Amino acid sequence: MHCQTGSWGSYMPTSRNTVGDPLERIERLASENAVVIFSISSCCMCHAIKRLFCGMGVNPTVYELDEDPRGKDMEKALMRLLGTSPAVPVVFIGGKLVGAMDRVMASHINGTLVPLLKEAGALWL
Amino acid sequence: MNQCFWLENGLKNKSCMANHRVGETGLTDSGPSSHHHHHIPYAVLHGMNVPASFIHQEGSAFDFGELEEAIVLQGVKIRNDEAQAPLFTTGRPAATLEMFPSWPMRFQQIEIGSSKSGGESTDSGSAVNTLSSKTENQLEPESPVSKKASSSDHQAFDQKPMQQQLLEMASDISRTGTSQNQSAAKPPQEKRRGSTSEKQLDAKTLRRLAQNREAARKSRLRKKAYVQQLESSRIKLTQLEQDLQRARSEGLFLGGCAGAVGNISSGAATFDMEYARWLEDDQRHMLELRTGLQAQLSDSDLRTIVDSYISHYDEIFRLKGMAAKSDIFHLITGMWTTPAERCFLWMGGFRPSELIKMLISQLEPLTEQQVIGIYRLQHSSQQAEEALTQGHEQLQQSLIDTIAGGPVFDGMQQMAVALGKLANLEGFVRQADNLRQQTLHQLPRILTTRQAARCFLMIGEYYARLRALSSVWISRPRETLISDDHSCQTTTDLQMVQPSQNHFSNF
């Protein structure tokens, strides 16, 4: 699947650091780009959230946890972070946690998502 | 003679269904065909105190007093002329008994014939008996009805044919003597004395015959009641089947009867009931909004009403969330809604952007800020809807791939995978409901309190009309039972639909 611009943001190669707190890694990865989505390739809701950002003209950075050797740990960490399952999709904007699909949609409807994206530099007028 | 006495008493007795001992039986003509004896007037069989007991045992609503009077006034002259026979058979009793075609018409002729064998008194008695039995036949079908209905209408109906019949006989039959007229006026008591002598004749046989007649009469009554019951049950069953068929095809579920129609899960049935209750609440809320707007309430009071309406919607989304866990297909296929609503269904409910579009055209002049806010809301909800739709499509495609299986269908393994994917449906419906809820919450943030109140009233009324449209559509006149030429049916349908379209003009 493609955004209008062609490809998914930029797929960052995961570092070779096998030792480390998964949550720490998540936070580090999240801060490296304006919009970061943690996803699972077969998850349809993840596909929906990707389409949402693409539809808005945003190029999110997507990490497919099922394609990451430490994905399982990160998934568990995310579940603890969110307090609910499933762990994915989960969105970080400007390094800060926004939440899962329901939070993202709610913020889009109440008009807080676009300013946040603009602030993070993911969206230009 | 004493013909009228017999007639009167016979008629009185006919009214008392419970009156077994007393001689209604003597006046029935349903006796076995083997009976060739002359009729003995019933009073003779049962002794002196019959007349009094007649009066006391009057159990029917039928007013025999009136009939008696009518008969006496018309001066019925009873005779034993055999020429009467055709008359007796022409004035058949009420339609109900005619449903038994096996009713032997010849019974009456036999009885009339046998009446000849007796003496003068017996002749007249039997003639009267047949007359009385005729009227009894006429009365018989009516009296259970009149007992139940006990309305004057029934009585009038009962009396008339009999009176006509009696008139007929009176006009056609030659008189045997004026003494018969006079005897009509005599009190019953007197007449009985004259005929007690006949009691000794074949008492045992007579008693047996009377019992036979009584038994036959009772069995006739039972049969008639049973058949009537069957008929009404059959009609009821047909109607129920039609209603069931119609409800099934239209898929219209009412909260109260959910679970009775088709295979509906308990979760679905529960939700349907809760939804029905929610619809009732919705009406109350709308009334509150309407009166609040008309009464020009203060903004804070109106705000309370608006907030309560939002909570009302929060409630249905909460209920839908629970229902999604137990029966997602019930929600996503919209079986809980009406057909017209189902037509516009998106992910198990209304499409928020459509709702906003509907509202935009009806909201009073908005400020520039409000216009921007509303269009932004519509736009963002459209984007969200699009995203969810695409995610849902991917789920469907993935499911298709799993079920198709590729070169080798792994059976259980693939079923398990497919099941897992199906479970994701719940998530999409939940997100769709979340989107609806957020949209409704956003409206009062953009609009003034008054505008928001009007807005929610419009939403409530819109869906109420949509539901009403479904009802009107379902109950529109159609060709049902009689299936004629198909082209005729279509024409009639079109013609019949025309008037119902006028309903819409009110909207």
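The values are calculated or read from the model by the stated rules, or taken from the named source; none is laboratory data. These numbers come from a predicted model, not from an experiment. A quick note on method: Cβ atoms are made from the backbone with ideal geometry, for glycine too, and the neighbour counts reach across all protein chains shown.
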**Study point:** Single residue of region B:427-460 satisfying the filter (under 45 Å from the mean Cα position of the chain (by Cα), within 12 Å of chain A (Cβ to nearest Cβ) and of a type in the set (Lys, Arg)) that is farthest from B:SER380 (Cα to Cα)
**Key:** B:ARG430
Check your understanding: Listed residues B:ARG217, B:ARG207, B:ARG222; which is modelled with pLDDT of 90 or more, assigned to a helix (DSSP H, G or I) and loosely packed, with under 11 Cβ neighbours inside 10 Å?
Key -> B:ARG222
Revision key, fill the gap. When restricted to A:LEU123, A:LEU78, the only residue more than 11 Å from every other protein chain (Cβ to nearest Cβ) and surrounded by fewer than 21 Cβ atoms within 10 Å (Cβ to Cβ) is A:LEU123
Study note, to complete from the structure: Expected output for region B:445-458 (first residue in contact (Cβ under 8 Å) with a residue 24 or more places away in the chain, partner among the polar types (S, T, N, Q) and in a helix (DSSP H, G or I), Cβ below 7 Å, 6+ apart or cross-chain) is B:ILE446/B:GLN370; B:LEU447/B:GLN370
Check your understanding: If you take just the helices (runs of 4 or more DSSP H) that sit entirely in region B:403-507, which of them hold at least 3 residues that are over 25 Å from A:HIS108 (Cα atoms), touching a helix residue (DSSP H, G or I) at 6+ places or on another chain (Cβ under 8 Å) and at pLDDT 90 or above?
Key -> B:449-474
Check your understanding: Before we move on, is A:THR61 modelled with pLDDT of 95 or more and more than 13 Å from chain B (Cβ to nearest Cβ)?
Key -> yes
Check your understanding: Do any residues in region B:268-280 that are over 16 Å from B:GLY460 (Cβ atoms) have Cβ atoms under 8 Å from those of residues that are crowded, with 21+ Cβ neighbours inside 10 Å and of a type in the set (Phe, Trp, Tyr), where the two are at least six apart or on different chains, and which pairs are they?
Key -> B:ALA268/B:TRP336; B:PHE271/B:TRP336; B:ASP272/B:PHE253; B:ASP272/B:TRP336
Review point. Across region A:2-42, what is the number of residues that are at pLDDT 90 or above, more than 11 Å from the chain's Cα centre (by Cα) and in a loop (DSSP other than H, G, I, E, B)?
Key: 3
Point to revise | Filtered residues of region A:74-125 (kept if of a type outside the set (A, V, I, L, M, F, W, C), touching a helix residue (DSSP H, G or I) at 6+ places or on another chain (Cβ under 8 Å) and assigned to a helix (DSSP H, G or I)) | key: A:GLU75, A:LYS76, A:ARG80, A:ASP102, A:SER107, A:HIS108
Point to revise | Qualifying positions in region B:378-410 - touching a residue at least 40 places away in the same chain (Cβ under 8 Å) and either over 51 Å from the mean Cα position of the chain (by Cα) or more than 9 Å from chain A (Cβ to nearest Cβ) (or both) | key: B:GLU385
Practice item. State whether one or more residues within region B:437-456 are in contact with a Ser or Thr (Cβ under 7 Å, 6 or more places away or on another chain) and under 30 Å from A:THR112 (Cβ atoms). Key: yes
Check your understanding: What are the pairs, 6+ residues apart or on separate chains, where a residue within region A:61-80 that is within 19 Å of A:ARG51 (Cβ to Cβ) has its Cβ under 7 Å from a residue that is among the basic types (Lys, Arg)?
Key -> A:VAL62/A:LYS50
Review point. Does B:LYS421 fit the bill of being of a type in the set (D, E, K, R) and within 10 Å of chain A (Cβ to nearest Cβ)?
Key: yes
Check your understanding: Of the residues that sit in region A:81-116 and are of a type outside the set (A, V, I, L, M, F, W, C), in contact (Cβ under 8 Å) with a residue 40 or more places away in the chain and within 14 Å of chain B (Cβ to nearest Cβ), which one is surrounded by the fewest Cβ atoms within 10 Å (Cβ to Cβ)?
Key -> A:PRO86
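Could you check, for region B:275-286, whether at least one of its residues is in the same structural domain as B:GLN431 (by the TED database) and at pLDDT below 90?
No, region B:275-286 contains no residue that is in the same structural domain as B:GLN431 (by the TED database) and at pLDDT below 90.
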Study note, to complete from the structure: Matching residues in region B:272-299 (of a type outside the set (S, T, N, Q) and farther than 20 Å from B:ASP314 by Cα) number 6
Exercise for review: Taking the options B:GLU368, B:GLU354, B:GLU341, name whichever one is among the charged types (D, E, K, R), closer than 29 Å to B:ARG450 by Cα and exposed (fewer than 14 other Cβ atoms within 10 Å of the Cβ).
Suggested key: B:GLU368
